[in-house]
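Nothing in this text is a laboratory measurement; each read-out follows from the coordinates by a stated rule. Bear in mind the structure is a predicted one, so any value in this text is a computation, not a measurement. Backbone-built Cβ (ideal geometry, glycine too); neighbour counts: all protein chains shown.
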Amino acid sequence: MTYQQYYNKLIKELDHSEKNIVKQQVSLKGDKGYLDQKDLYVYMGLTNDMYSLLSKCEEVLKLIIEGEINPNDEIDLDKLPTFSDN
């Protein structure tokens, strides 16, 4: 997978995550109309996941813009040490 493909994948996952948060927030509020403490923890977990994806997108884009990586090169996990789980 190239850096460009990885970036595109992250953008799609970010879009999906944002849509999921909106759906989950409506679902979690339900009939009561607010987030109780348990619901809030679920919601916070979802937003943390979304911000993690956003951070990854920003970091890859930064590396591309600064010329540290070529978008068409295969991913080198050593250049993305914080993302070794992907």
How would you rank Tyr51, Tyr43, going from fewest to most other Cβ atoms within 10 Å of each one's own Cβ?
Tyr51, Tyr43
For the chain, what does -39500 (n - 2.57) per DSSP helix run (n ≥ 4), summed and divided by total residues, give at 222 nm, in deg cm²/dmol to the nearest 500?
-23500 deg cm²/dmol
Could you put Leu77, Leu61 in order, starting from the residue whose Cβ has the fewest other Cβ atoms within 10 Å?
Leu77, Leu61
If you build a Gaussian network model of the chain, linking Cα atoms that sit under 10 Å apart, which residue out of Asp49, Asp31, Asp73 swings the most?
Asp31
Between Ser17, Ser27, Ser52, which gets the highest mean-square fluctuation from a Gaussian network model of the chain, Cα cutoff 10 Å?
Ser27
Helix 37-65 axis, angle to the chain major axis (alpha carbon atoms, nearest 10°)
20
For Glu59, net neighbour charge (Lys/Arg +1, Asp/Glu -1) across residues whose Cβ lies under 12 Å away
0
In degrees, nearest ten, helix 3-29 long axis to first principal axis of the chain (Cα):
0
Over all pairs of different Cα atoms in the stretch 1-57, the reciprocal of the mean inverse distance gives a Kirkwood radius in Å of 12.3
Which of Lys32, Lys79 has the fewest other C-beta atoms within 10 Å, and how do the rest follow up to the most?
Lys32, Lys79
